[in-house]
Amino acid sequence: MNRPVIIGCTGGIGSGKTNVVKTFEGLGIPGYDCDSRAKELYDEDAGLLAEVAQIAGSDVIADGKLDRRALAAKIFSDHDMLEKLESVVHPAVIRDFSRWLQEQNSKLVIFESAILLDKPYLRQLPDFVLLVTAPEELRIQRVMARDGLSREAVERRMANQIKDEDRRKYADYILETNDRDAIIPQLLSIIQKWQQI
């Protein structure tokens, strides 16, 4: 069997992409959550953890585990350190995804990443890009409720992400999660197109 068709699923914070991927999984299409796996790899890959400590300092490791809060505090204000960190973490995620992909026996798989379109080397991974969007106010309300953040904190996070107008340039399909239109009919329509490829 040829490798599965890779659908890159992306969208801004609060867009609903994780729910979309869970819905795909409920329909029998395997999903790979790039952001969750990156966090797990810190715990599973001793070599990666050593590289992170080399870049950010040994004080980001506590009891042999990554202290995510300490790391976040360091990279929040140091763009160079963030770029160096990404240069070791992202290749580790891509290697992990490649291993995962070989284990799949589905015609389609979903690769979920918030930063898929921000990074050219990630953008090359999928065969198609599915952009999940939602009205900005709804996204803000979702993240405030989900993460217990203030409106200002959510708006700051959104300001650090690329805008949907820019994401649309790369999107092959766009799915709206607006609490009005049902997700499953939109997904089934998109899946039908993919299965004809």
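Report, by chain and number, residues whose modeled amide H sits under 5 Å from the one on residue 5, excluding near sequence neighbours (fewer than 5 apart, same chain).
When sequence neighbours closer than 5 places are left aside, the close amide H contacts are 108, 109.
Pop out the ³J(HN,Hα) list for the range 130-141 in order, Karplus 6.51 cos²θ - 1.76 cosθ + 1.60 with θ = phi - 60°, rounded to Hz; leave Gly and Pro as x.
With coefficients 6.51, -1.76 and 1.60, one gets 9, 9, 9, 10, 7, x, 4, 4, 5, 4, 4, 4 Hz.
Tell me which label goes with the value of percent of Cα pairs over 28 Å apart computed from the coordinates here: (1) 20; (2) 35; (3) 31.
The listed entry that was calculated here is (3).
Using a 7 Å offset from the Cα along the Cα-to-Cβ direction at both residue 193 and residue 68, what is the distance between the two label points in nm, to one decimal?
With each label placed 7 Å out from Cα toward Cβ, I get 3.4 nm.
For 89, 132, 5, which order do you get if you count the other beta carbons within 10 Å of each Cβ and list the fewest first?
In order of increasing Cβ crowding within 10 Å: 5, 89, 132.
Net charge near residue 67: determine it from the other residues with C-beta under 15 Å of the C-beta of residue 67, scoring Lys and Arg +1 and Asp and Glu -1.
+2
Give me a comma-separated list of calculated 3J(HN,Hα) values for the range 71-78, in order, Karplus coefficients 6.51, -1.76, 1.60 applied at θ = phi - 60°, integers in Hz, x for any Gly or Pro.
Those phi angles translate into 5, 4, 4, 6, 7, 4, 10, 10 Hz.
Counting DSSP beta bridges in the chain, what percent are antiparallel, to the nearest 5?
Expressed as a percentage, antiparallel bridges in the chain total about 10.
Quick one: Karplus J couplings for the range 41-53, per residue in order, coefficients 6.51, -1.76, 1.60, θ = phi - 60°, nearest Hz, x for Gly and Pro?
Running phi through 6.51 cos²θ - 1.76 cosθ + 1.60 with θ = phi - 60° gives 5, 4, 7, 8, 10, 4, x, 5, 4, 5, 5, 4, 5 Hz.
Using amide H atoms built 1.01 Å from N in the peptide plane, name the residues 5+ places from residue 114, or on other chains, whose amide H lies under 5 Å from its own.
HN-HN under 5 Å from residue 114: 35.
Just so you know, all these numbers are worked out from the coordinates, no wet-lab data involved. Remember, it's a predicted structure, so these values are computed and weren't measured experimentally. Methodologically, a virtual Cβ is constructed for each residue, glycine included, from the backbone with ideal geometry; neighbour enumeration extends over all protein chains shown.
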